[in-house]
């Protein structure tokens with residue numbers, strides 16, 4: 001790690017431990033999203049980590065976004081989710097695809113933390129099958145008239161800006177999708193929050209509805225019909241943050257398990273002395289080391305400006321499964337206490353609940369598996385895009 | 001207002017260190033994370049707060065041996081304007097008086113109004129440099145301060161002494177040593193981390209002073225582990241009887 005990456009890690013770790021961690025268990029119980037978190041993130045500069053300074057960000061390299069994601073999810077996934085949708089899916093998508101004028105107008109305030117952003121792809125009837133989108137935008141003079149609804153949208157009820165994908169040609173499947181910049185203030189926009197999720201309960205997840213919204217034509221991101229490619233490349237950045245966050249969850253699970261395995265005694269010795277407990281910890285470490293290297297590989301490729309869809313997807317697939325298994329094994333090591341959470345309990349059941357959904361969103365386990373199988377067989381090849389994520393240029 | 005902050009880089013207090021093979025000191029290996037000494041970090045924060053209130057500049061001064069730049073850059077990301085680093089392993093491992101004299105050589109020409117450092121460094125725990133520097137420079141020192149007010153005229157500082165708070169006033173220049181409670185050091189913000197890379201850091205091999213090592217550390221060892229205590233059970237009468245017997249005959253305390 002470079003000195004600035006080390007300082008970043010120390011800073012975010014201390015910030016998260018002091019300013020955020022103490023409230024998480026009770027927020028999780030209450031299913032409450034604390035809006036002041038966004039202000040704190042903005043103040044620390046976390047909402048523009050890898051966005052160049054000329055667009056209001058800090059200009060750090062792409063690995064730094066992974067470091068931030070990891071350190072935040074070490075505390076709770078709900079914190080990392082903010083980075084995934086605001087920084088990864090939306091802002092890095094604008095960095096890659098938006099025009100210079102659009103970047104100055106929308107990316108800059110996002111990176112400065114003045115506007116909170118998220119991403120609207122998934123719908124009630126279209127998740128992995130993106131081509132099945134039903135939200136549509138019809139050309140009408142200087143506008144596109146947007147109608148439809150989105151579901152499972154992180155920050156749906158708190159974000160200001162939305163990168164929305166809609167069909168502009170219902171006859172064309174994935175080639176008929178176009179991306180639009182939509183704002184909460186637009187007439188016809190409404191949103192709501194989904195409650196009673198298994199995990200990420202202190203995060204805001206919701207739905208939004210577009211009722212005849214007049215979206216100006218200049219709000220189109222990329223070209224007409226380019227939305228599917230844009231959405232997939234946004235996922236290259238979103239998945240990167242999900243992978244790095246999962247690594248943080250796995251490390252938190254390991255650290256909690258090691259601490260407990262030192263404290264708890266059975267059969268006259270601390271349980272860490274038992275080989276079957278050691279096996280669980282060894283497996284966690286194997287997964288953590290593997291996931292970390294895959295994430296850094298993907299981050300290095302982003303820094304160098306090399307296409308990384310395959311590598312990022314692999315990192316996401318491996319890391320989210322490592323997190324899930326590590327949290328599960330951490331519960332096992334905690335025994336009965338492992339399922340007792342809340343403000344007075346142990347954190348591992350929360351890690352386990354948080355880890356589960358990450359194997360569904362931003363490409364389910366099955367999508368990841370199919371992708372890797374297709375890459376291996378040569379059925380899937382990544383063609384150059386009209387616009388690539390810019391390589392990192394040190395300032 | 002010109003403030004100099006003395007910044008020593010020490011192993012993270014959570015480091016699980018090993019003793020070197022010669023048994024003379026802790027082993028320097030890659031597992032050690034180096035950080036701004038926690039008490040020095042209170043000094044860094046105080047210096048930045050003074051600058052924010054009254055204007056001026058903050059300069060950090062460090063004696064190091066190769067592990068310091070990251071921590072100096074962190075201080076710069078917090079708000080320190082520039083740094084001076086004397087990179088000299090012989091000096092760093094010399095006796096505290098030689099280090100104080102080297103710091104005097106570097107600090108005196110800066111004509112600072114306030115020089116602030118931690119009350120001690122968590123690795124050596126000497127509590128020496130601040131007061132020694134004051135003696136060498138012949139200026140006042142207020143040590144172990146837990147609150148501080150600075151005006152254009154001077155400083156008012158308090159120290160938490162046993163069962164009381166002591167309040168001191170001094171004109172400039174003055175040396176202050178920081179105790180816990182003085183402030184809560186800030187977390188560097190991301191844009192500041194990037195800006196810190198461009199702040200001036202003057203690296204030198206020597207302060208030009210004599211390096212003497214009058215005291216040599218000859219041994220380092222972990223404290224002996226305590227043997228497990230004995231748990232006694234029984235009725236209150238039996239407990240008292242067994243306890244008194246143990247203290248008189250076995251432990252020979254009574």
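The values are calculated or read from the model by the stated rules, or taken from the named source; none is laboratory data. Worth saying up front: this structure is predicted, and the values here are computed from it rather than measured. Glycine also receives a Cβ, built like all others from the backbone with ideal geometry; neighbour counts cover every protein chain displayed.
Considering only residues of segment A:357-379 that are in contact (Cβ under 8 Å) with a residue 12 or more places away in the chain and part of a loop (DSSP other than H, G, I, E, B), which is surrounded by the fewest Cβ atoms within 10 Å (Cβ to Cβ)? Full working, then the answer.
Taking segment A:357-379 first, the residues in contact (Cβ under 8 Å) with a residue 12 or more places away in the chain are A:357-359, A:361-369, A:371-372, A:375.
With part of a loop (DSSP other than H, G, I, E, B) added as a condition, the list becomes A:358-359, A:361-364.
Details: A:358: 28, A:359: 20, A:361: 19, A:362: 27, A:363: 24, A:364: 15.
Looking at the filtered set, the residue picked out is A:364.
So which of B:44, B:9, B:3 is crowded, with 24+ Cβ neighbours inside 10 Å and either away from every other protein chain (no Cβ under 14 Å) or over 20 Å from residue B:120 (Cα atoms) (or both)? Let's see the steps before the verdict.
On the way: B:44 fails: either away from every other protein chain (no Cβ under 14 Å) or over 20 Å from residue B:120 (Cα atoms) (or both); B:9 fails: either away from every other protein chain (no Cβ under 14 Å) or over 20 Å from residue B:120 (Cα atoms) (or both).
It is B:3.
How many residues are within 17 Å of residue A:5 (Cβ to Cβ) and either away from every other protein chain (no Cβ under 13 Å) or touching a strand residue (DSSP E or B) at 6+ places or on another chain (Cβ under 8 Å) (or both) when one looks only at segment B:76-91?
Qualifying residue count for the region: 1.
If a residue must be more than 19 Å from residue A:97 (Cβ to Cβ) and surrounded by fewer than 24 Cβ atoms within 10 Å (Cβ to Cβ), how many such residues does segment A:45-58 contain?
Total meeting the criteria: 1.
From the set of residues in segment A:178-192 that are surrounded by 15 or more Cβ atoms within 10 Å (Cβ to Cβ) and farther than 17 Å from residue A:222 by Cβ, which is farthest from the chain's Cα centre (by Cα)?
A:188
Among the candidates A:203, A:245, A:199, which residue alone is surrounded by 15 or more Cβ atoms within 10 Å (Cβ to Cβ) and touching a strand residue (DSSP E or B) at 6+ places or on another chain (Cβ under 9 Å)?
A:203
Those residues that are over 12 Å from residue B:198 (Cα atoms) and touching a helix residue (DSSP H, G or I) at 6+ places or on another chain (Cβ under 8 Å), I need them from segment B:61-73; list them, please.
B:61, B:62, B:63, B:64, B:65, B:66, B:69, B:70
Check segment B:222-237 and report whether any residue there is at pLDDT 85 or above and touching a strand residue (DSSP E or B) at 6+ places or on another chain (Cβ under 8 Å).
Yes, segment B:222-237 has at least one match.
Would you pick out the residues in segment B:194-221 that are farther than 30 Å from residue B:72 by Cβ and touching a strand residue (DSSP E or B) at 6+ places or on another chain (Cβ under 8 Å)? Write out each step before concluding.
First, the residues of segment B:194-221 that are farther than 30 Å from residue B:72 by Cβ: B:218-219, B:221.
Of everything in segment B:194-221, just one residue is farther than 30 Å from residue B:72 by Cβ and touching a strand residue (DSSP E or B) at 6+ places or on another chain (Cβ under 8 Å), namely B:221.
Would you say residue A:345 is in the same structural domain as residue A:251 (by TED's automatic domain parsing), more than 30 Å from residue A:62 (Cα to Cα) and part of a helix (DSSP H, G or I)?
Criteria not met by residue A:345.
So residue B:23 passes all but one of these: (1) more than 14 Å from chain A (Cβ to nearest Cβ); (2) at pLDDT below 95; (3) surrounded by 14 or more Cβ atoms within 10 Å (Cβ to Cβ). Which condition number does it fail?
Answer for residue B:23: the failing condition is (3).
This table checks each residue for (1) buried (at least 19 other Cβ atoms within 10 Å of the Cβ); (2) in contact with a strand residue (DSSP E or B) (Cβ under 8 Å, 6 or more places away or on another chain); (3) at pLDDT 95 or above.
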| position | (1), (2), (3) |
| --- | --- |
| B:65 | no, yes, no |
| B:100 | yes, no, yes |
| B:110 | no, yes, yes |
| B:122 | no, yes, no |
| B:145 | yes, yes, yes |
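The rows are residues; the columns are (1) in the same structural domain as residue B:60 (by TED's automatic domain parsing); (2) without any contact (Cβ under 8 Å) to a residue 60 or more places away in the chain; (3) in contact with a helix residue (DSSP H, G or I) (Cβ under 6 Å, 6 or more places away or on another chain).
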| position | (1), (2), (3) |
| --- | --- |
| B:95 | yes, no, no |
| B:98 | yes, no, no |
| B:105 | yes, no, no |
| B:110 | yes, no, no |
| B:119 | yes, no, yes |
| B:126 | yes, yes, yes |
| B:142 | yes, yes, no |
| B:150 | yes, no, yes |
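Determine whether residue B:35 is more than 14 Å from every other protein chain (Cβ to nearest Cβ), under 14 Å from the mean Cα position of the chain (by Cα) and under 25 Å from residue B:133 (Cβ atoms).
Numbers: more than 14 Å from every other protein chain (Cβ to nearest Cβ): no; under 14 Å from the mean Cα position of the chain (by Cα): yes; under 25 Å from residue B:133 (Cβ atoms): yes.
No; evaluated as a whole, the condition is false for this residue.
For the structure I just gave you, tell me whether residue A:175 is over 17 Å from the mean Cα position of the chain (by Cα) and in a helix (DSSP H, G or I).
Numbers: over 17 Å from the mean Cα position of the chain (by Cα): yes; in a helix (DSSP H, G or I): yes.
Against the criterion (over 17 Å from the mean Cα position of the chain (by Cα) and in a helix (DSSP H, G or I)), residue A:175 qualifies.
Six or more apart or on different chains, Cβ atoms under 6 Å: show the pairs whose first residue is in segment B:173-200 and free of Cβ contacts under 8 Å to residues at least 24 places away in the same chain and whose second is crowded, with 18+ Cβ neighbours inside 10 Å and in a loop (DSSP other than H, G, I, E, B).
Here the result reads B:190/A:45; B:190/A:58; B:191/A:45; B:191/A:58; B:194/A:58; B:194/A:59, each pair linking segment B:173-200 to a residue that is crowded, with 18+ Cβ neighbours inside 10 Å and in a loop (DSSP other than H, G, I, E, B).
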